[in-house]
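Asks: Take this structure, written in structure tokens, and hold onto it; I'll ask about it next.
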Amino acid sequence: MATMIVPNSIAFQLSANSLFFLFLIIFCSSCKTTYAFQGTKSKSFHHILHINSLLQSAACNSSTQGLQHQKSSLQVVHKHGPCSPLHLDRAKTPPTHAETFFQDEGRVRYIQSRLANKSGSKADVKVTDVANLPAWDGRVVGSGNYIVTVGIGTPKKQLSLIFDTGSDITWTQCEPCLGYCYQQRDAKFDPSVSSTYSNVSCNSVQCSSLLSATGYLPLCSLSTCVYGTQYGDSSFSTGFFAKERLTLTPFDVFDNFLFGCGQNNQGLFGGAAGLLGLGRDQLSLPSQTARKYNTIFSYCLPSSSSSIGFLTLGKCKRYGSKSVKFTPLSTSIQDSSFYGLDITGISVGGKRLSISASVFTTAGAIIDSGTVITRLPPDAYAALRSEFRQRMRRHRMGRELSILDTCYDFSKYKSVNIPKISFFFRGGVKLTIPLVGTLYVANVSQVCLAFAANSDASDLAIFGNTQQKTLQVIYDGAGGRVGFGTKGCY
């Protein structure tokens, strides 16, 4: 047992058990090259893709900030793109397409296994079960691919955090890093120089709330609450559970925000300082700021890594607009962190596919900001792929790309008609996927349908972030619904 001096002149005794592993997966995704889609919407059931628009973008286009940007908004950027503050770190090489899909598949498998638990309770997994798992090589760490910048402490320290709708607890790396800290772009947060920092005690209600947020009982170091969270690839963060001032914008400042002050953190988080949890648990950002925002937030993921999107807290300008269609949150998803959807159908080129309703109800579905490619039940994907290939039969097929098995070589074309794909959700909501969300571009000769099949009919379907690009997605926790609006950003 070793005694170590930490901020606020409080000494804590940390046993080896204090630096423990817990299990939750978040996988990042990014493209090694970025393409800006330019197309025009025909009056038919097709998008028109202009091939000369599939060009690599190396500069940040700051003029593409979201149309719905307002005072309670944060800029959203791709962590590996030229708009990212992390982009200045030339030593970090963005993952390849193969690495992106490998990471994405790991995230999907973890989410599906977590929700396959019949009881729906993350707490059913014992700490001792996960504590003995071997740690993986940090090269496959993935924790989301979009970041926002927030302020923590007094005086305010600006930090770039990955935001994730599948996570609840917010954490950042902290000095003095009693265990280990990975390399990050921002200087690490030092609670000893903040006048508003305080640790949470072990016997507090706040400490007990970690169980529902992480699924595991917290530990105690003397009188201080110790949190821990581990992701599906065995990257992790553990440290002191604390309260601090959180500054989102000059108009949005929150005292006593509960967060993790990481003292032992391992894995490659792309240089980000930590993670911002947007899940549904009481420790998530929407829940902790509910008095002001009523658990309502929205975001728009930009069309490419060279563009800027937004994350808005509270009711956005389009809330209540007829241009936004809301679907109720699914009651079939038992996990308290995720946002469930009830998919009722899919159409391609205006044709409603013949898919039994039981295909979607058997699997269930969620929307997730951290999963890259939408995963569908095998029968649903087979019907989608068959109809899409039929309508694209005049075009030359290209090489498959990892989990994407329907790819085309457009190198000899100037423009191509791409069938519009629409999803139908409970409540009569029809969402036509934007062109940028329909295709995944590796290069001009490898342009792929951006959907993939699950391996089993009972596996959870996941509506991923590629399909959400340029949409304004509104999460109304109080109203129990999710809304979709087109042309949220570019």
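The values are calculated or read from the model by the stated rules, or taken from the named source; none is laboratory data. Not measured: the values here are computed from a predicted model. Every residue, glycine among them, receives a Cβ derived from its backbone with ideal geometry; neighbour counts consider all protein chains shown. We work out accessible area using only protein heavy atoms, side chains counted, and drop any ligands, DNA or RNA first. Shrake-Rupley method; radii C 1.70, N 1.55, O 1.52, S 1.80 Å.
Asks: Residue by residue through region 208-265, note down the ones that are among the β-branched types (Val, Ile, Thr), modelled with pLDDT of 95 or more and under 18 Å from residue 152 (Cα atoms).
Replies: Scanning region 208-265 gives 247, 253.
Asks: Continuing with the same structure: Quick one: would you say residue 292 is out of contact with any Ser or Thr (no Cβ under 7 Å at 6 or more places or on another chain), of a type in the set (Lys, Arg) and part of a loop (DSSP other than H, G, I, E, B)?
Replies: No.
Asks: All but one of (1) out of contact with any Phe, Trp or Tyr (no Cβ under 7 Å at 6 or more places or on another chain); (2) more than 29 Å from residue 476 (Cα to Cα); (3) modelled with pLDDT of 95 or more hold for residue 187; which doesn't?
Replies: Result: residue 187 fails condition (3) only.
Asks: Let me spell it out: the conditions are (1) within 30 Å of residue 93 (Cα to Cα); (2) out of contact with any Cys (no Cβ under 9 Å at 6 or more places or on another chain); (3) of a type in the set (Asp, Glu); (4) surrounded by fewer than 21 Cβ atoms within 10 Å (Cβ to Cβ), and residue 252 meets all of them except one. Which number is the exception?
Replies: Here residue 252 meets the rest and fails (1).
Asks: Name, by its number, the condition in (1) assigned to a strand (DSSP E or B); (2) out of contact with any helix residue (DSSP H, G or I) (no Cβ under 8 Å at 6 or more places or on another chain) that does not hold for residue 387.
Replies: Every listed condition holds for residue 387 apart from (1).
Asks: Looking at (1) among the β-branched types (Val, Ile, Thr); (2) farther than 25 Å from residue 111 by Cα; (3) surrounded by 18 or more Cβ atoms within 10 Å (Cβ to Cβ), which one does residue 486 not meet, given that it meets all the others?
Replies: Every condition holds for residue 486 apart from (3).
Asks: Which one is most open to solvent (accessible area, probe 1.4 Å) among residues in region 409-419 that are part of a loop (DSSP other than H, G, I, E, B) and under 17 Å from residue 393 (Cβ atoms)?
Replies: So, considering only residues that are part of a loop (DSSP other than H, G, I, E, B) and under 17 Å from residue 393 (Cβ atoms), the one most open to solvent (accessible area, probe 1.4 Å) is 412.
Asks: Would you confirm whether any residue within region 288-300 is open to solvent by less than 10 Å² (accessible area, probe 1.4 Å), in contact with a helix residue (DSSP H, G or I) (Cβ under 6 Å, 6 or more places away or on another chain) and either over 25 Å from residue 104 (Cβ atoms) or modelled with pLDDT of 95 or more (or both)?
Replies: The answer is yes, given that some residue of region 288-300 is open to solvent by less than 10 Å² (accessible area, probe 1.4 Å), in contact with a helix residue (DSSP H, G or I) (Cβ under 6 Å, 6 or more places away or on another chain) and either over 25 Å from residue 104 (Cβ atoms) or modelled with pLDDT of 95 or more (or both).
Asks: Taking residue 331 as the residue in question, decide whether it is open to solvent by less than 20 Å² (accessible area, probe 1.4 Å), more than 28 Å from residue 101 (Cα to Cα) and either part of a strand (DSSP E or B) or modelled with pLDDT under 95 (or both).
Replies: The answer is no for residue 331.
Asks: Taking residue 403 as the residue in question, decide whether it is touching a Gly at 6+ places or on another chain (Cβ under 7 Å) and open to solvent by 10 Å² or more (accessible area, probe 1.4 Å).
Replies: Answer is no for this residue.
Asks: Same structure again: All but one of (1) modelled with pLDDT of 85 or more; (2) open to solvent by 60 Å² or more (accessible area, probe 1.4 Å) hold for residue 108, so report the exception by its number.
Replies: Of the numbered conditions (1) modelled with pLDDT of 85 or more; (2) open to solvent by 60 Å² or more (accessible area, probe 1.4 Å), the odd one out for residue 108 is (2).
Asks: Considering every residue within region 354-372, establish whether at least one is open to solvent by 40 Å² or more (accessible area, probe 1.4 Å) and either assigned to a strand (DSSP E or B) or at positive phi (or both).
Replies: no
Asks: Do any strands (runs of 3 or more DSSP E) lying entirely in region 422-462 carry at least 2 residues that are modelled with pLDDT of 95 or more and crowded, with 23+ Cβ neighbours inside 10 Å, and which ones are they?
Replies: Passing ranges, in order: 439-443, 446-449, 451-453.
Asks: Hey, among 222, 275, 210, which residue is of a type in the set (A, V, I, L, M, F, W, C), open to solvent by 10 Å² or more (accessible area, probe 1.4 Å) and either within 21 Å of the chain's Cα centre (by Cα) or farther than 30 Å from residue 292 by Cα (or both)?
Replies: Answer to the check: 222.
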